[in-house]
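The values are calculated or read from the model by the stated rules, or taken from the named source; none is laboratory data. Bear in mind that the values here come from a model prediction, so they are computed numbers and not experimental data. For neighbour counting, all protein chains shown are included, and Cβ atoms are generated from backbone atoms with ideal geometry for every residue, glycine included.
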């Protein structure tokens, strides 16, 4: 009973961490038991070795090993125990840490090239006159690099088209889901398609 409970808890944790449906994960384990291999989302599940009433499973994502663990054959004959185990302390702690990382407010001094999912509050210091450029998508667009700052430093914010006219110098803005890239040796904050820019306060 202890082994079944541990397996269910661990698989529930993996299903949340790697964002796969628990029912699909359970069916993928059954399929791997029968056919040696199966997939679930971007995870490859391999039944490496069977020993009497149990088997050793290996889960990989690309070239990275995610987990290796034993499962009892009877575990796969029950109603999906993974679903019932998604409300354990381990899962709650993982979700709380994930939420804290997502909600953590960054400052300009924290930003590094390659960072993603950045949430930042800053003041618009300067918006240079936009330039008209021919994009790789085959159209013309207006672009400028606004200077924004908080109490820890300043950084360029790349703005396109309607984004440029949506803010003014002196505005305090909220940037969500942005990323940092480097252009001509200089760090830039870019909002991208999934990012969001809003005004918190007009100065």
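What the table shows:
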read-out: Residue among 12, 32, 67, 55 that alone is in the same structural domain as residue 93 (by TED's automatic domain parsing), touching a residue at least 24 places away in the same chain (Cβ under 8 Å), surrounded by 15 or more Cβ atoms within 10 Å (Cβ to Cβ) and not in a helix (DSSP H, G or I); value: 67
read-out: Test for residue 156: is it part of a strand (DSSP E or B) and at pLDDT below 90; value: no
read-out: Checklist (1) at pLDDT below 85; (2) under 30 Å from residue 149 (Cα atoms); (3) touching a strand residue (DSSP E or B) at 6+ places or on another chain (Cβ under 9 Å) applied to residue 3, failing item; value: (2)
read-out: Output for the range 127-156, where each listed residue is in contact (Cβ under 8 Å) with a residue 24 or more places away in the chain and exposed (fewer than 10 other Cβ atoms within 10 Å of the Cβ); value: 151
read-out: Boolean, residue 92 is within 16 Å of residue 178 (Cβ to Cβ) and at pLDDT below 90; value: no
read-out: Leading residue by the ranking (surrounded by the fewest Cβ atoms within 10 Å (Cβ to Cβ)) among those in the range 107-126 that are under 23 Å from residue 167 (Cα atoms) and touching a residue at least 60 places away in the same chain (Cβ under 8 Å); value: 116
read-out: Condition check for residue 193: on the phi < 0 side of the Ramachandran plot and in a loop (DSSP other than H, G, I, E, B); value: yes
